[in-house]
Amino acid sequence: MKCDLGSAFKARTSSSREARITAQITKEGVTNVPAHKPEECDLLLFEVIGTKDLDAAISLYEPDAIFVVSPNQVVIGHAAIREVLQGMIAANATGKLDTVTAIPSADGAIAFTRAKGSSTSPGPDGTPVTTHFHSIEVVRKQPDGTWRIIIDDPSGEGLE
């Protein structure tokens, strides 16, 4: 597969969303939300967290994915990521995704994605608190042609 590394794809979310959620139930009964392009991992993750569909969110990660919780904490694997995402969902945040950029590797097997947007949730006193984010993800193409997240750094801050 030939790849033009000079051109990064930018997806802008809008009412005519480019990535549509097509949930599937696997034989294990788990919701599966396939991403057919690298940038769809970010778009779909944002969408399913907004609908509070934890199983669909987890299906976007490889089983041994790495999730950067903070500059001092990393968790690995579905069970640990599920706990982190449950906390995010419980925060009752609403969000806005402005852009997603994907840059594929030369062989097209891995891509670096970056999402920019904001999230608003109730603060301790109930007043809305808005946080802007510039997340960074690394995604890998699966044997069936779909993409899954292998490294997720929602804050984009990395590790100390």
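The values are calculated or read from the model by the stated rules, or taken from the named source; none is laboratory data. What you see is a predicted model, and the numbers here were worked out from it, not measured in a lab. We place every Cβ from the backbone using ideal geometry, glycine too, and count neighbours over all the protein chains shown. Ligands, DNA and RNA are excluded from the accessible area calculation, which covers all protein heavy atoms including side chains. Shrake-Rupley method; radii C 1.70, N 1.55, O 1.52, S 1.80 Å.
Looking at (1) within 19 Å of residue 76 (Cα to Cα); (2) of a type in the set (Ser, Thr, Tyr); (3) open to solvent by 40 Å² or more (accessible area, probe 1.4 Å), find the lone condition where residue 135 falls short.
Looking at each condition in turn, residue 135 falls short on (3).
For region 64-111, name all the residues that are aliphatic (A, V, I, L, M), in a helix (DSSP H, G or I) and in contact (Cβ under 8 Å) with a residue 12 or more places away in the chain.
Correct list: 80, 81, 84, 85, 88, 89.
Considering only residues that are at pLDDT below 95 and either crowded, with 17+ Cβ neighbours inside 10 Å or among the small types (Gly, Ala, Ser) (or both), which ones fall in region 69-79?
Hits for region 69-79 are 69, 70.
Okay, residues lined up against (1) modelled with pLDDT of 95 or more; (2) under 29 Å from residue 160 (Cβ atoms); (3) open to solvent by less than 40 Å² (accessible area, probe 1.4 Å):
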| residue | (1), (2), (3) |
| --- | --- |
| 42 | no, yes, yes |
| 48 | no, no, yes |
| 56 | no, no, yes |
| 67 | yes, yes, yes |
| 82 | yes, yes, no |
| 122 | no, yes, no |
| 139 | yes, yes, yes |
| 143 | yes, no, no |
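Name the residue, out of 140, 114, that is under 12 Å from residue 41 (Cα atoms), touching a His at 6+ places or on another chain (Cβ under 8 Å) and touching a residue at least 24 places away in the same chain (Cβ under 8 Å).
114
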